[in-house]
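The values are calculated or read from the model by the stated rules, or taken from the named source; none is laboratory data. Please read all numbers here as calculations on a predicted model, not as lab measurements. Cβ placement follows ideal geometry from the backbone for every residue including glycine, while neighbour counts extend to all protein chains displayed. With ligands, DNA and RNA removed, areas are computed over all heavy atoms of the protein, side chains included. Shrake-Rupley method; radii C 1.70, N 1.55, O 1.52, S 1.80 Å.
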Amino acid sequence: MATKVRLATVWLGGCSGCHMSLLDIDEKLIDLAEHIELVYGPLVDAKEYPHDVDVVLVEGALCNTENLELLLQIRERTKIVISFGDCAVTGNTPQLRNKLDIDDVLTKVYQAGPGSIPKGPESVDILPVLLPKVHPLHALVPIDVYLPGCPPDPDRIYKVVAALLAGEKPQLPAESITFG
Amino acid sequence: MTREELQAMAQKEQEKRKAFSCRLLVCYSTPCISSGAEGVRKALVDAVKARNLDAEIDVTCTGCVGPCSRGPLVTVRRAGQEDVIYENVTPEFAVQILAKHALGNEVLTSNVLPKDLPFFAKQLKVVLANSASIDPESLESYVGAGGYTALLKVLEDMTPEQVVDEIKKSGLRGRGGGGFPTGLKWDLVRKAKGDKKYLVANGDEGDPGAYMDRTTMESDPFLVLEGMAIAAYAVGADQGFIYVRAEYPLAAERLRKAIKMAEKAEILGNHIFGSNFNFHIDIRFGAGAFVCGEETALLTSVMGRRGQPYPRPPFPANSGLWGCPTLINNVETFGNIAPIINRGGDWYAGIGTEKSKGTKIFALAGEINNTGLIEVPMGITLREVVFDIGGGIPKGAGFKAAQTGGPSGGCIPAAYLDTPIDYENLAALGSIMGSGGLVIMNDRSCMVDVARFFMDFCRDESCGKCVPCRVGTSQMLRILEKICNGSAVMDDLEKLQEMGKMVQDTSLCGLGFTSPNPVLSTLRYFREEYEAHIRERRCPVGVCQIKEVPLAELMKELPRRIREAAKS
Amino acid sequence: MSVITLTINGQEVSALSGATLLEACRQNGVDLPTLCHLDGLTPIGACRLCLVQVEGARRLMPACTTEAQDGMVVQTHTESLKEYRKMILEMLLSERNHICSVCVANGSCELRARCAELGVDHTRFEYRCPDMPAIDLTHERNGLDHNRCISCTRCIRACDQIEGAHTLDMQGRGVDSRIIIDMHQKWGGSTTCTKCGKCVNVCPTGTLFWKGSTVAEMEKDVGFVRWIKEGREKKQWSL
């Protein structure tokens, strides 16, 4: 038996809808499972992003310092990075906050409202710091494959992953590279 | 007016001048007025009146003399003696000039502009030949200096074809920036089919620091009118427009007065010089949009529409104002016409280089000792302009770059100081002749910051019609800002270059396709400065505040800032 | 009407004299992408997507405004043209706030369709995320959302040239250009708007929409523009 492809999935600043869509591949997941080893992601229990990952699907935009740190690590440890879904590719809805001042947003949501989070230097050790602006993944690292859609429909995801498993560069037809 | 009447007017004017024992010429163009020429004029006029010297001493307000940073300027002219020019003249000092020099023939010891100043020696004035001597608001003054003989000659002795041939022979090229052969353009309009033809003078110069056209219009408005009339005769137009920026009130006012006087003298309007040639001129005001200097946008604006360019073809020569064949030239181009007709195309072609003939007016600005307006023969080197005419760089600083052509031009480094200035050479260096703005930068200028400044200008002035110029300039500016504040990465340089090429190739009009020039030329000649900002996180001359970090480094930078803020 | 012959991508083709290069291309099966162009409206050459290379021309020419000439040799899909077209679309994506996932025109948007056709799956330019005027929902039937506007001016031209109302116009310049109603009024208060809806139909993105439509619900029909223009040319409705 050939060695399995080491696949990771990552959830940055997004709604996990892309992961839902991935699960919606349904029975084809069983085909995929024969060829892949899922090494990291919300669906498995790995604590640290492993080395020597073959393919990663990264969902979500870059919203905070933890996202930055993880994506840099991902790029270093992964052969093929897929920008997975509109938040990863365009910033999508998370970047709607780019017009707002980040301090105002935090105060309004977490201090003026019912909740409260630590503010000031003590927060830095506990919480990732929000970036002044939300960015798509390729603002930070080179991306190998863009897979737009909000979410990308299951068929689209399957086609890309299946092509990569077959050792080919995924070529999506025009109707499959639409945003939104 | 007839030939005889014109000659009589000229003769009377010359005799009037000769009758004065001394003439005091007050430079009365915008730069000198803004430094106090009005007070000087008033002091002189009052003093002359008070002493009852009206018949003896003449006080005339003239057009631009040139060394604008030294104004107000007063020239003392006595028959048989060389002119003496006083600089930085105050009203009190002006009265001294009158008392001692004009009346006592004793040259004052202070404020005298040195006679052998290279500023004047290396210039050759064709368009501005009369600028410093005549009163721009007097038709007699212009005629006394030989004005309107060219138009008369054309109407009496030449066919339109002959006029076009003479201009072709002169090798004159458009002074607005593009450098299209003027004679060829005239020929196209002349041959274009149409019962109605228009003529437009482009006086919408908008480059930061440039005021060649303003000065031409202010200093010698009749010269522009005469050039336009000759062109109208050559191409068969009967209606002309002068498009002037509303920010040039003095130029517009002098043109308006000149048009009125010329109409009254029947050298503008119907049956000019008693011939069958009719030509009317109206002024149109521009609202200060840079893009309206582009010919198709200008024409759209003249027609009362939103000032935006349209793709050529059709060229204005075939379909311009209201779909009619239209000749559009820069006012400086029109300023060259009467001298060419008077002295012949061959004379003009004898000045300049092989492909660029005649003279060019430049506005010298920036870090240079003699800022001001100069007219030089084509082919003069940048070194002569900067170090001889311009008097070098002040405050012991070194020369770094010359920016020609304004926001559409490029920055030329010291290595090319000996390049003769002409259309082709400047283009080869990644710049353009442009309308004649020449901004000198010293070694304390940051070239990235300079590029950022010009890109900001273009972004602001982009009309927004085509995507590459509208969004491209905005995106290039963003990258330049990032380089200046320290948040750029090396890949951004590549992106800047790619975008620059794309905006150059795909924009709709001249504003767009020249807007990357300042960036591309500084990237070409000063790349190490860009790299220093990014790699070493420092501005080599200390102009830019490197306070931001690239995205990847925000990881450490943001927590650090929060801790720092808490400490203070 | 006479016929001319020209060469497009090495192929000799014929076209009616007076036809634009865009018409010549499309009639001969060469597809050129466009955004600001719409059959029946005056072409303006603004979006630059249909730029082609004409032998002997100093610059790239917009096919929509350039008249096809006998003997012209044209290239429509060189590598650099393809690259430039992608860059134009990427620039448009970055210019305002195109959040396709929450856009009424998702599905009918021509910008999104052009991106898909030309393989633009991301933009390499930084999103500008500009602040935009509030969405104008004061009109009885239509809404105006500046966040989606690509300044193609199709709505302005349709309102002026087809409807004859000239309610819409452009304000400001450069990236600050904005569609305005009358002399910058709320749409609901417009005394010139005939509520014909032509502007909404010709808008290639989600800028102009039928009030009440939610994400991906907009449907647009642009065929009527050509139909009206041709009818007028044939004087179909003259007595």
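Filter segment A:144-180 down to the residues that are surrounded by 15 or more Cβ atoms within 10 Å (Cβ to Cβ) and assigned to a helix (DSSP H, G or I) and list them by number. Once the filter is applied, which keeps residues that are surrounded by 15 or more Cβ atoms within 10 Å (Cβ to Cβ) and assigned to a helix (DSSP H, G or I), segment A:144-180 yields A:Pro154, A:Arg156, A:Ile157, A:Tyr158, A:Lys159, A:Val160, A:Val161, A:Ala162, A:Ala163, A:Leu164, A:Leu165, A:Ser176.
Could you list all residues from segment B:465-491 that are within 29 Å of the chain's Cα centre (by Cα), touching a residue at least 12 places away in the same chain (Cβ under 8 Å) and at the interface with chain C (Cβ under 9 Å from one of its Cβ atoms)? Of everything in segment B:465-491, those that are within 29 Å of the chain's Cα centre (by Cα), touching a residue at least 12 places away in the same chain (Cβ under 8 Å) and at the interface with chain C (Cβ under 9 Å from one of its Cβ atoms) turn out to be B:Lys465, B:Cys466, B:Pro468, B:Cys469, B:Gly472, B:Thr473, B:Ser474.
Taking into account only those residues within segment B:372-399 that are under 10 Å from B:Phe119 (Cα atoms) and assigned to a loop (DSSP other than H, G, I, E, B), which is most open to solvent (accessible area, probe 1.4 Å)? Once the filter is applied, the top-ranked residue is B:Gly391. Checking the condition more than 14 Å from chain C (Cβ to nearest Cβ), over 14 Å from B:Gln403 (Cα atoms) and assigned to a helix (DSSP H, G or I), which residue from B:Glu494, B:Glu529 passes? Checking each option against the conditions leaves just B:Glu529. Of the strands (runs of 3 or more DSSP E) lying entirely inside segment C:45-161, not one carries at least 2 residues that are open to solvent by less than 20 Å² (accessible area, probe 1.4 Å), of a type outside the set (S, T, N, Q) and within 14 Å of chain A (Cβ to nearest Cβ).
A count restricted to segment C:196-239 and to residues that are without any contact (Cβ under 8 Å) to a residue 24 or more places away in the chain and assigned to a loop (DSSP other than H, G, I, E, B) stands at 8. Among the residues of segment B:512-561, those identified as open to solvent by less than 50 Å² (accessible area, probe 1.4 Å), free of Cβ contacts under 8 Å to residues at least 60 places away in the same chain and over 30 Å from B:Pro468 (Cβ atoms) are B:Leu554, B:Met555, B:Glu557, B:Leu558, B:Pro559. Considered as a group, the residues in segment B:8-30 that are in contact (Cβ under 8 Å) with a residue 24 or more places away in the chain and among the aliphatic types (A, V, I, L, M) include one that is nearest to B:Pro91 (Cα to Cα), and that residue is B:Val26. Return the total of residues in segment B:275-293 being part of a helix (DSSP H, G or I) and open to solvent by 70 Å² or more (accessible area, probe 1.4 Å). Total meeting the criteria: 0. The helices (runs of 4 or more DSSP H) falling completely within segment A:7-121 that include 3 or more residues that are modelled with pLDDT of 95 or more and in contact with a strand residue (DSSP E or B) (Cβ under 8 Å, 6 or more places away or on another chain) map to A:17-23, A:65-77, A:86-90. Taken together, the residues in segment B:497-510 that are buried (at least 20 other Cβ atoms within 10 Å of the Cβ), facing another protein chain (nearest Cβ under 10 Å) and assigned to a helix (DSSP H, G or I) amount to 4. Here A:Pro132 clears all of (1) assigned to a strand (DSSP E or B); (2) facing chain C (nearest Cβ under 9 Å) except the condition numbered (2). From the list B:Ala94, B:Ala102, the one residue that fits, being touching a helix residue (DSSP H, G or I) at 6+ places or on another chain (Cβ under 6 Å) and either at negative phi or of a type outside the set (Phe, Trp, Tyr) (or both), is B:Ala94. Has segment C:179-198 got any residue that is surrounded by 17 or more Cβ atoms within 10 Å (Cβ to Cβ) and within 14 Å of another protein chain (Cβ to nearest Cβ)? So far as segment C:179-198 goes, yes, one or more of its residues are surrounded by 17 or more Cβ atoms within 10 Å (Cβ to Cβ) and within 14 Å of another protein chain (Cβ to nearest Cβ). Within segment A:74-83, the residues that satisfy the criterion of being surrounded by 24 or more Cβ atoms within 10 Å (Cβ to Cβ) and either within 12 Å of chain C (Cβ to nearest Cβ) or of a type in the set (Lys, Arg) (or both) are A:Ile82, A:Ser83.
The residues of segment B:49-92 that are out of contact with any Lys or Arg (no Cβ under 9 Å at 6 or more places or on another chain) and surrounded by fewer than 18 Cβ atoms within 10 Å (Cβ to Cβ), listed by number, are B:Lys49, B:Ala50, B:Arg51, B:Asn52, B:Asp54, B:Ala55, B:Glu56, B:Ser69, B:Gly80, B:Gln81, B:Thr90, B:Glu92.
The rows are residues; the columns are (1) among the hydrophobic types (A, V, I, L, M, F, W, C); (2) farther than 25 Å from B:Met555 by Cα; (3) modelled with pLDDT of 95 or more.
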| site | (1), (2), (3) |
| --- | --- |
| B:Cys463 | yes, yes, yes |
| B:Ser487 | no, no, yes |
| B:Gly500 | no, yes, yes |
| B:Cys509 | yes, yes, yes |
| B:Tyr525 | no, yes, yes |
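Scanning segment C:180-195 for any residue that is assigned to a loop (DSSP other than H, G, I, E, B) and touching a Gly at 6+ places or on another chain (Cβ under 7 Å) turns up nothing.
Yes/no matrix, rows are residues, columns are (1) assigned by TED's automatic domain parsing to the domain that holds B:Pro518; (2) surrounded by 19 or more Cβ atoms within 10 Å (Cβ to Cβ); (3) not small (Gly, Ala, Ser):
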{"residue": "B:Thr419", "(1), (2), (3)": "no, no, yes"}
{"residue": "B:Tyr423", "(1), (2), (3)": "no, yes, yes"}
{"residue": "B:Cys458", "(1), (2), (3)": "yes, yes, yes"}
{"residue": "B:Ser474", "(1), (2), (3)": "yes, yes, no"}
{"residue": "B:Glu481", "(1), (2), (3)": "yes, no, yes"}
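Scanning segment C:15-32 for residues being among the small types (Gly, Ala, Ser) and surrounded by 15 or more Cβ atoms within 10 Å (Cβ to Cβ) gives a total of 3. Each residue in segment B:225-274 was checked for being touching a Gly at 6+ places or on another chain (Cβ under 7 Å) and surrounded by fewer than 21 Cβ atoms within 10 Å (Cβ to Cβ), and 3 pass. The residue of segment B:180-193 that is nearest to B:Tyr423 (Cα to Cα), among those that are crowded, with 20+ Cβ neighbours inside 10 Å and of a type outside the set (Asp, Glu), is B:Thr182. Of the residues in segment C:100-109, not one is touching an Asp or Glu at 6+ places or on another chain (Cβ under 8 Å), in the same structural domain as C:Gly212 (by TED's automatic domain parsing) and free of Cβ contacts under 8 Å to residues at least 12 places away in the same chain.
When we screen B:Gly209, B:Gly177, B:Gly171, B:Gly240 for residues that are touching a strand residue (DSSP E or B) at 6+ places or on another chain (Cβ under 6 Å) and modelled with pLDDT under 95, the only hit is B:Gly209. Which of the residues belonging to segment B:294-308 are open to solvent by 30 Å² or more (accessible area, probe 1.4 Å), of a type in the set (D, E, K, R) and either in contact with a Ser or Thr (Cβ under 7 Å, 6 or more places away or on another chain) or in a loop (DSSP other than H, G, I, E, B) (or both)? B:Arg305, B:Arg306, listed by residue number. Within segment B:303-331, residues that are more than 14 Å from chain C (Cβ to nearest Cβ) have Cβ atoms under 7 Å from residues that are assigned to a helix (DSSP H, G or I) and among the basic types (Lys, Arg) in these pairs: B:Ala317/B:Lys185; B:Leu327/B:Lys185, counting only partners at least 6 apart in sequence or on another chain.
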